[in-house]
Amino acid sequence: MLNLKFSLYEHQLDNIDNDKLASPQFGGLIHSATWFPPNEAEKLNVEAGAGSAVYSNQIELPKPPIPAQRALKFEIRETKGTAELEVSGVLLASQEFTWPDRKAVFRLDQVTFPPNAIAYRHTHSGAGFRHLVAGGLNIDTGAHHQDMAPGDSWFEVINSPVRATAMGGCVSQFIRAMLIPLELHGKPTIKILSPEDAAKPTLQKNHRFVDQIIEF
């Protein structure tokens, strides 16, 4: 069983030479997926997978494919034998967790909810962070409810039941980074728990940016 740490950093890129950007540095291998928000024109087409993303196993923060003002960098590393040397950017959240295999898939995607859409009670065969970038969501785990606003992040452990409801009468959108089993490479991870709910239309849209096979 591996002991891993999942971290989310925000980097401001305004007026910075991307080739000289610092990044969290570790004494061991890291895996990262970095999302660069869309420009103003792309924001008008939320179903197209606005923005861009890059996978890397290097220390340096990757250069955005298109000009960007900020970056959200999701990182995974082993906690054992990987001493943290330096951190730049703002740490938004981190979570330690265990994982059974050295090979897995690092997935970064974007989920968009139309106004008032519901992701009925479900689980995902993966562990990772969500970061809300637009709108609002009510997250119901059964044990508690929490209203999420833009800029909020939350971690979901593997196969944890959750229901998400879009709030505010507007489009809601989050970026999600997950570690998932190797056999789910290229495949959905969601499982709707109720047959009645599974028969209902799925209104939220998913755009996959990164689906990278990795090894620790």
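Quick look at the values:
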{"quantity": "Answer residue from region 132-165, given it is of a type in the set (Gly, Ala, Ser), crowded, with 16+ Cβ neighbours inside 10 Å and modelled with pLDDT of 95 or more and is farthest from Lys205 (Cα to Cα) among those", "calculated": "Ser153"}
{"quantity": "Residue list for region 127-143, filter: over 9 Å from Met178 (Cα atoms) and under 9 Å from the mean Cα position of the chain (by Cα)", "calculated": "His131"}
{"quantity": "Selection count, region 111-123, where residues are within 14 Å of the chain's Cα centre (by Cα) and either surrounded by fewer than 22 Cβ atoms within 10 Å (Cβ to Cβ) or among the basic types (Lys, Arg) (or both)", "calculated": "1"}
{"quantity": "Lone qualifier among Gly81, Gly168 - being at pLDDT below 95, assigned by TED's automatic domain parsing to the domain that holds Asp197 and not in a strand (DSSP E or B)", "calculated": "Gly168"}
{"quantity": "Residue satisfying all of: in region 160-198; small (Gly, Ala, Ser) and touching a strand residue (DSSP E or B) at 6+ places or on another chain (Cβ under 9 Å); nearest to Phe36 (Cα to Cα) among these", "calculated": "Ala177"}
{"quantity": "Members of region 127-156 that are part of a loop (DSSP other than H, G, I, E, B) and on the phi < 0 side of the Ramachandran plot", "calculated": "Gly136, Thr141, Ala143, His144, Ala149, Pro150, Asp152"}
{"quantity": "Lone qualifier among Ile66, Ile76, Ile59 - being part of a strand (DSSP E or B) and farther than 24 Å from Gln204 by Cβ", "calculated": "Ile76"}
{"quantity": "Condition check for Thr189: of a type in the set (Ser, Thr, Tyr), free of Cβ contacts under 8 Å to residues at least 60 places away in the same chain, out of contact with any Phe, Trp or Tyr (no Cβ under 7 Å at 6 or more places or on another chain) and buried (at least 16 other Cβ atoms within 10 Å of the Cβ)", "calculated": "no"}
{"quantity": "Tally of residues being in a loop (DSSP other than H, G, I, E, B) and farther than 27 Å from Glu183 by Cα across region 108-126", "calculated": "4"}
{"quantity": "Leading residue by the ranking (modelled with the lowest pLDDT) among those in region 21-66 that are among the β-branched types (Val, Ile, Thr) and buried (at least 16 other Cβ atoms within 10 Å of the Cβ)", "calculated": "Val46"}
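Results for (1) among the charged types (D, E, K, R); (2) within 21 Å of Arg70 (Cβ to Cβ), shown as yes or no for each residue.
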{"residue": "Glu96", "(1), (2)": "yes, no"}
{"residue": "His124", "(1), (2)": "no, no"}
{"residue": "Gln146", "(1), (2)": "no, no"}
{"residue": "Ala149", "(1), (2)": "no, yes"}
{"residue": "Pro161", "(1), (2)": "no, no"}
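The values are calculated or read from the model by the stated rules, or taken from the named source; none is laboratory data. Computed from a predicted structure; not experimentally measured. Reconstructed Cβ throughout: ideal geometry from the backbone, glycine too, with neighbour counts over all protein chains shown.
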